[in-house]
Amino acid sequence: MACAPMHNLAPLVAVAAVFFSLTALADESDTSREALLCLKSHLSSPNGAAAFATWNSTSPDFCSWNGVTCSNQSQSQPRVVVALDIEAQGLAGEIPACIANLSSLARIHLPSNGLSGGITPELGRLAELRYLNLSFNGIGGEIPPGLGTLRRLLSLDLSSNNLHGEIPLLLANASSLRYLSLKNNSLSGSIPAALLNSFTVREIYLRKNNLSGSIPPVTRFNSQITYLDLTGNSLSGSIPPSLGNLSSLTALLAAQNQLKGSIPDFSKLSVLQFLDLSYNGLSGTVHPSVYNLSSISFLGLANNNLKGSLPPDLGNTLRNIQVLMMSTNHFVGEIPGSLANASSMQFLYLADNSLTGLIPSFSLMSDLQVLMLYSNQLEAGDWTFLSSLKNCSKLLKLNFGENNLRGDLPRSVADLPKTLNSLVLQSNYISGTIPLEIRNLSRISLLYLDKNLLTGSIPHTLGQLNNLVVLSLSQNKFSGEIPQSIGNLSQLAELYLSDNQLSGSIPTSLARCQQLLALNLSCNALTGSINGDMFRKLSQLSWLLDLSHNQFTNSIPLELGSLINLASLNISHNKLTGKIPSSLGACVRLESLRVGGNLLEGSIPQSLANIRGTKVLDFSQNNLSGAIPDFFGTFTSLQYLNMSYNNFEGPVPVGGIFADRDKFFVQGNPHLCTNVPMEELNMCYDSSSKRKHKIIIPMLAVLSSFVALSSILGLYFLIINVLRRRWKSNKYTDPSYMELKKITYSDVSRATNNFSAANIVGSGHFGTVYSGRLDAKDTRVAFKVFKLDQCGALDSFMAECKALKNIRHRNLVKVITACSTYDPMGNEFKALVFEYMANGSLQSRLHRKFDRCSDLTLGARINIAADIASALEYLHNQCIPPVVHCDLKPSNVLFNSDDVACVCDFGLAKSLRAYSSGAQSDSKSMVGPRGSIGYIAPEYGMGSKISAEGDVYSYGIILLEMLTGRNPTDEMFTDGFTLRMYVNASVSNIKDVLDPRLTPEIMEQSSNHTLGTHEHKTSIMDVCALQLLKLGLLCSEESPKDRPVIHDIYSEVMSIKEAFFAMSF
């Protein structure tokens, strides 16, 4: 009977066990729910909290919440949260420590959001964590060392954040880590040696940080590293020979560092496909093993100090090579004939070396797109190499400039592939004539044949090249008339025919070139009148109009005053007569006006008081009379005024430029006098005293000989003064760049091979951009040499110096130093030295002028949009004082070797200090800045002051252009119909306006760290493209007040970017 009670208790014990088990399950569920709600409370979503729409305490099943994945159902185990997937949902805020209460988490995937703050160290408690991706956020602080203690962690992606500090040693020693991406941060310190000696790590991405020190040696020969990216840091020292033991390596990328020494033996890297060591200071000869890497498809050794010759069997050993970049080194000898066997070649860069001999055949390179051989000592021989290129059906760009080709230009030049859009043969001693068959190059947009010995007439068939944008035939021996067919080139923006022997008149058909920005016909034998009606129709002329040193007669046409955006007008040294037309006063953007060396008469028109921003005025060697206008003294930008050898009379004005004898010239005007002592002028006397006249007049005869002697001495001292002034350098150095490293004219001349045409990488309104190196040990840089004979160039130089003095940003082209001096002829010389942008401009990429990326994917365009927005957000909101760019357009967006978009050209940039302080602004500098047609905000045309909203408008137009592929100045946009109207009318059917070249972007992701897939990629792409188009429309609203601010724009673009790149996970 005593056991009966115990037997009766058994059911009760079982019920209690079930009760406690259920209680434990409930407690576990409550903990997970509370942790998720805690996470929600610390994060927010600007998109209507869509990410957390299902996350609430009233929903009992947290496993069904958006982005939450739980373990499978089990009777004995509670369902626990094992994964969080919330990508590109606009999340903001800092990840809280309570996330660690989700103790079973194996996957955290939160990329492409707006997360900030630091990484909570509590993540180190998640013992089950295998995958962590927080990339493309705004997370700062240091990497918690505790992440290295997670023994199950396989993949860690913290790229594209604001992390700083060093790479934790514990992380480098992580026991299971296979994939590590820390690229695009601000990490510093050295690379832990343990990272390159890990037993488990396969892929390491450390590009674009501030890492320094040397690359650590590899001491464990069983390392499994397959991908090592160290690009864009400050790593120094030599390349460790032990890297050659990483036999599983498929990619070794260490470009854009400060590595020295020689290239080690890489013979064991049998599966290496990508080797990029460009933009370092490597020297010596290339190790033979590099030329025997049979698996390699990309070999980048450009911009180093490497020497030696290329092996004869190069084309046979590198049989899979697609990209060979060896430019800007010291290679000598011939280009191996075997290179013709590299049939997979697409991009071949051997420029800027000392290669000699004949250019070989390229007939087997059917996929060749870009061939850069400029700036060598190569010869053409019988020009058969040119014929061989006709088999390269994908060819886009050829540059043989600055070589020693010589001989007559063969007719085979017309047999080049029709895909060709850029041909550069300048500075090659080429003779003969341009064949009529040149018309076959139907897609050519850039044609440079200048600085040769070409003769005969300019072929009329050039007028059939309808896509031609730049035609440069200067400095040859062309004769005859300019063909009327040139007027058929409706896309022509730049025409350079100077320094030839052309005769006849300017063809009236030129009036049809409505896109013309620059026209230089100087130094020829052109005759007749300057056709005013023709130039009235060329309203787009804004860079340059140079008709100097010809034989034009009659008067200056009134219609030149209709070129209201023109920056530089040079009609000097002709036979022009009559008066200076008052209509020139309407050209308020003029920075340089030269009318000297003619037969002009009359006085200086009062209307020229309107060209207050001019820098250069030359009225010398005419028959002009009257008084020198006082208003020239009020031109604060004027740097050069030449009134010499005319018939001006009366006193020389005082103040302004007249206070600086180094900047104005008045000799040769016998009736001028001065109230301030000048060596070449008499003093002005007061005629009110008759007594003084009675004394002075008899003395004139006595003093005449003395005056003659004084004139001679004055002329002598004037010559001495001028020579002294011309040879004096750096006297007027602008304070905005005084603290930078000073360089001389000789430095720039030497670095650019005496301003060789082969070194030219671009030409703009105010300057020409050359590439070169200041020192043999320096990396390649870009030199922007300002065209000081064009109006606005000097202002542009000063504006860029002031704007670039204190700004530094990843998406702004970096200025290195400046040069302000005189050349050996005494002419003023100004240049800026910039970081070299190796990959062209957005303009060239969008409109098929660039060698690598003419067909931009949607992903690439979204990245570019984000880069530009980032630059503007910095200029408008982070600079003190804020800076407005004022000339944002695709040609001012350049790409560095990492294809990061960088905004350049601050020649029109303005500070908003006056507005932020409430001070009265300078109307001259703050109202109506020059912009570019198609991109300039409409309110500027009505005289409104500059503003950040103006940049926003330009950005909006760029967005629309990137998505549609259409230029805002396209011929279809006439009679008030604009690109914005075109997009707005069809935005509901996006495929009607999208650039047909857009193709889906497939991001490269390793299968070992991609744990999820996305469906309906095409629809996601459409949504992203539509969002970007709508943003472009919003930014380009007519009224400035209707446009968003750049901070909101940047956030929106980043959200679009995050959503787009989410497709790859």
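Rule-based calculations on the coordinates, nothing more; no lab input. Keep in mind the model is a prediction, meaning the values are calculated, not measured. Counting neighbours? That spans all protein chains shown, and the Cβs are built from the backbone with ideal geometry, glycine included.
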Karplus-derived HN-Hα couplings along region 211-226 (A = 6.51, B = -1.76, C = 1.60, θ = phi - 60°), whole Hz, x at Gly and Pro:
5, 10, x, 9, 6, x, x, 9, 9, 9, 7, 9, 4, 10, 4, 10
For I438, the net charge from surrounding residues (Cβ-Cβ under 12 Å; K, R +1; D, E -1) works out to 0
Obtain the nm distance between the two label points defined at D660 and R220 by a simple spin-label model: each point lies 7 Å from its Cα along the Cα-to-C-beta direction.
6.6
Fewest to most Cβ atoms within 10 Å: E800, E1058 sort as E1058, E800
Subtract the Cα-Cα distance of E94 and R151 from 0.36 nm times their separation in residues, and report this length gain in nm to one decimal.
18.0 nm
Amide H to amide H, which residues 5 or more places from G165 or on other chains are under 5 Å from it, using H placed in the peptide plane?
S188
For 393-404, 621-632, ranked highest to lowest by mean beta-carbon neighbours within 10 Å, the order is 393-404, 621-632
Could you tell me the relative contact order of region 12-178? Use alpha-carbon pairs under 8 Å, at least six residues apart, and round to a whole percent.
16
Based on DSSP H runs of at least 4 residues, each adding -39500 (n - 2.57), what is the mean residue ellipticity at 222 nm of the chain after dividing by all its residues, to the nearest 500 deg cm²/dmol?
-6000 deg cm²/dmol
What residues qualify as long-range amide H neighbours of S309, i.e. H under 5 Å apart, gap of 5 or more or another chain, H built at 1.01 Å from N?
V332
Would you kindly compute the Cα radius of gyration of the chain and its largest Cα-Cα separation (Dmax), both in Å?
34.7, 161
Against the 2.2 N^0.38 Å scaling, with N counting residues, where does region 12-178 land? I'd like the Cα-based Rg ratio to two decimal places.
1.12
Working only with C-alpha atoms, what are the Rg and Dmax values of region 44-141, expressed in angstrom?
13.7, 43
What distance in nm separates the simple spin-label points at T58 and Q484, each placed 7 Å from Cα in the Cβ direction?
8.2
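List the relative contact order of the chain as a percent without decimals, with contacts defined as Cα pairs under 8 Å and 6+ residues apart. Working shown, then result.
Details: 2679 pairs, mean separation 49.0, N = 1065.
For the chain, the relative contact order is 5 percent.
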I need the peptides 235-246, 984-995 ranked by packing, meaning the mean over residues of other C-beta atoms within 10 angstrom, with the highest value on top.
235-246, 984-995
Would you please give the residues with an amide H less than 5 Å from that of L526, counting only those at least 5 places away or on a separate chain, with H modeled from the backbone geometry?
Q551
If Lys and Arg each add +1 and Asp and Glu each add -1, what is the summed charge of the other residues whose beta carbon sits under 10 Å from the beta carbon of V893?
0
Tally Lys/Arg at +1 and Asp/Glu at -1 over every other residue whose Cβ is under 10 Å from the Cβ of N669; what's the total?
-2
With θ set to phi - 60° and the Karplus curve 6.51 cos²θ - 1.76 cosθ + 1.60, what are the ³J(HN,Hα) couplings of region 200-210 in order, to the nearest whole Hz, using x for Gly and Pro?
10, 5, 9, 10, 10, 10, 10, 5, 6, 10, 10
Taking a crude spin-label model, label points 7 Å out from Cα along the C-beta direction, the V271 to T636 distance in nm is 6.7
